[in-house]
Amino acid sequence: MKVFFVFALAIGLLAACNNSDKNVTVEQAQQVQPSQSPEQSNTEVPAPQISEPTPAVVLDQNAEFDAFKTKFLQEFWRLHPSFGVYVGYYDHAGQLMVPNGELRAQRRAFFVTELQALKQFDANRLSIANATDWNILDAELRSRIWYIDAYRSYEWNPSVYNPAGALGVILTTDYRSIEERKNTVYDYLANVPAYYQAAIANLKTPTREHTELAIRQSKGTLNLLQKQVAEVFQNVVGAGELTYTQDQFADRLAAAADSVNGFIAMLEQSLDEPPEQGWRDFRLGEELYEKKFAHDIASQYTGEQLYQRALTAKAELHQQMIDITQALWPTYFDDQALPDNKLSAVKQLIDKLSEQHVSRDDFVDEIKRQIPQLEAFVSEKQLVDQDPTRPLVVRLTPEYQRGFAGASVNAPGPYDATANTYYNVSPLDNYSDEQAESYLREYNKWILQILNIHEAIPGHYTQLMHANKSPSKIKSIFANGSMIEGWAVYAERLMLEAGYADNAPEMWLMYGKWNLRVITNTILDYGIHVLGMSKEQALEMMIEEAFQERTEAENKWQRATVSQVQLTSYFNGFAEILALREELKNLQGDAFDLRAFNNGFLSYGNAPVSVIRKLMLDSSPVDSTPVDSTQVSSDSVEALAQ
């Protein structure tokens, strides 16, 4: 595993793309007690708005701002060393921060100070690239303060307490000699007992759902400490470069494992003896949900508006899938009349096609086999630039990451951009035969290919490879999940538009089913957290209206109970990217070049689509009129019926 930007797709025990809370996550970064109440905070702001520079620059502040960014990041990594490890910044890798009140106060004070320092810069006196960096930093700092003051997940989400992620990167990334990395691990382990003591002290009103998730993932952490550390360092006995004896290392490792065991025991006991005040409801409610949506998604819409648009898109996509089903019906059911209930006919055809899938034992091998084929197609069609020097490695998902996403990508960050990218695939070991068959039917012959497009090429792997080449570290580090997930969904559409799978109507039908997942993710997330949608209602919608297998639907329900807002990032980001592409097509006419658009879009790192739109349109000589991204989204599968 290399530096983690973890982005997961909805597959496996708790399937979804996992960038829900600011990469290493704002939640994990700020598991400490607030020094200021939400009522006292005046830092609440909406999503970032781009300030336009004036044509005549009176005073150029770009050099000063570049110096500010460098100093800001140096201090940021000192206070967030584990996040630094995820993006390839290893200077403080051996420092595991103890998430107590003192750290909380230090971080919050830093955010407030830097927010004030930003005011010395006038966006009108910065280049457009720096002006957008200014806006990203402004929004990021305000968001982090809000997470501490108002969201307060450190009090109710036990799963944010897990030191395994950064430790796993240190173990498996050859950024220094193995002896040096063992020294770093030794230093890192020193604070594990204090880390868990602080975690237990912080937890006040946990949810049952996050408690169960924390237990599963913490058992993976225990396995990392008890097995993987020993395996990596089994031959490292070398003397001069080590700063400890073997007994000292063993004692520190044992103390860390004991702390994890104690945390697991405390959580398991709480399941039998719930808190006196009862479990916190995992649902956020409208007010908290809308604020989190504004911070995380940075959309032009509110959560409620996006929900309404998703309802409309679902109805339109249903009709497109009905049209394909009517055309294909005689091929697969020549002796049966088309049912009067057209959605039932769609489901019946999908069920028939889903019989074609790989075997349980061949699932991971088939994914490995398809990756070179996707690379070849992208190159042949000249869709977007690839880089053969940046390897993609398919592997089984590490145990400490399981339980949240069945498929994910761990990509190197901008400080270590040439390191391996890992495509994690969760094995089906824990599934019964019935569950495995349901799962494999969901990821059938066609959808497994779409999954690999989304996660690998030209989806997450390709996008994150480009992001690491962005000249702006700010845009790459402070990633917008909606842009990242939106690109992966757009990549699916891009491949099918280019004729992938020979434009087979079966592939377009399955793409429609897959795209329904994107749409219903938004409906599900808002419905559960704001409207109080029950499990029964959610399963009925996913199975009967989105044609998902029961195992997938059960997993998605579980996923939705331990995440908030992130499920909306797919639909929102896809709509915005497709709208931008159509906008530039209209502006540039015959001069529009698809590959140039894709490469240009990806060159701006992981910035919000609204930021990238401003940057791309700024380079266009023609005035722009925004395209209705909802209309583009609604029509995004028009070719299904062709």
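The values are calculated or read from the model by the stated rules, or taken from the named source; none is laboratory data. Owing to the predicted nature of the structure, the values given are computational and were not obtained by experimental measurement. Neighbour counts run over all protein chains shown; Cβ positions are idealised from the backbone, glycine included. The protein model used for the area step is the full one, side chains on, heavy atoms only, and it has no ligands, DNA or RNA in it. Shrake-Rupley method; radii C 1.70, N 1.55, O 1.52, S 1.80 Å.
Run the accessible area of the chain with a 1.4 Å probe and give the carbon-and-sulfur part as a rounded percent.
Carbon and sulfur atoms account for 46 percent of the accessible area of the chain.
To the nearest µm²/s, what D does Stokes-Einstein give for segment 85-133 at 10 °C and 1.306 mPa s, using the Kirkwood radius over alpha carbon pairs as Rh?
Translational D for this selection: 116 µm²/s.
Counting other Cβ atoms within 10 Å, which GluC sites (Glu not before Pro) in segment 524-595 have at most 16 and lie in a DSSP loop?
Loop-located and lightly packed - none at all.
Putting +1 on Lys and Arg Cβ atoms and -1 on Asp and Glu Cβ atoms, find which of 183, 548, 99 reaches farthest to the positive end of the dipole of the chain.
183
As a quick test, which of the pairs 292/614; 291/475; 342/614; 381/475 have an alpha carbon distance above 32 angstrom in this structure?
Violating the 32 Å Cα-Cα cut-off are 342/614.
Please report the accessible area of residue 287 (heavy atoms, 1.4 Å probe, ligands and nucleic acids excluded) in Å², nearest 10.
Number for this one is 130 Å².
Output the pairs from 204/556; 71/473; 314/513 with a Cα-Cα distance over 19 Å in this structure; if there are none, say none.
Pairs exceeding 19 Å: 204/556.
Give me the base-10 log of I(q)/I(0) for segment 522-561 at each q in 0.15, 0.26, 0.36 Å⁻¹, Debye formula, one uniform scatterer per Cα, rounded to two decimals.
-0.27, -0.82, -1.34
Would you mind computing the Rg to Rh ratio of the chain from its alpha-carbon coordinates, Kirkwood style for Rh?
Ratio of gyration radius to Kirkwood radius: 0.96.
Let me spell out the model: positive unit charges on the Cβ of Lys and Arg, negative unit charges on the Cβ of Asp and Glu, origin at the Cα centre of segment 286-390. What dipole size does that give, in debye rounded to 20?
Charge dipole of segment 286-390: 140 debye, to the nearest 20.
Filter the trypsin sites (Lys or Arg not before Pro) in segment 467-524 down to the DSSP loop ones having no more than 16 other Cβ atoms within 10 Å, then list what survives. Intermediate results must be reported in sequence, preceding the final value.
Values: sites: 469, 473, 475, 493, 513, 517; in loops: 469.
The qualifying sites are 469.
Over all distinct alpha-carbon pairs, what is the Kirkwood Rh of segment 222-265 in angstrom?
Evaluated on segment 222-265, it is 11.4 Å.
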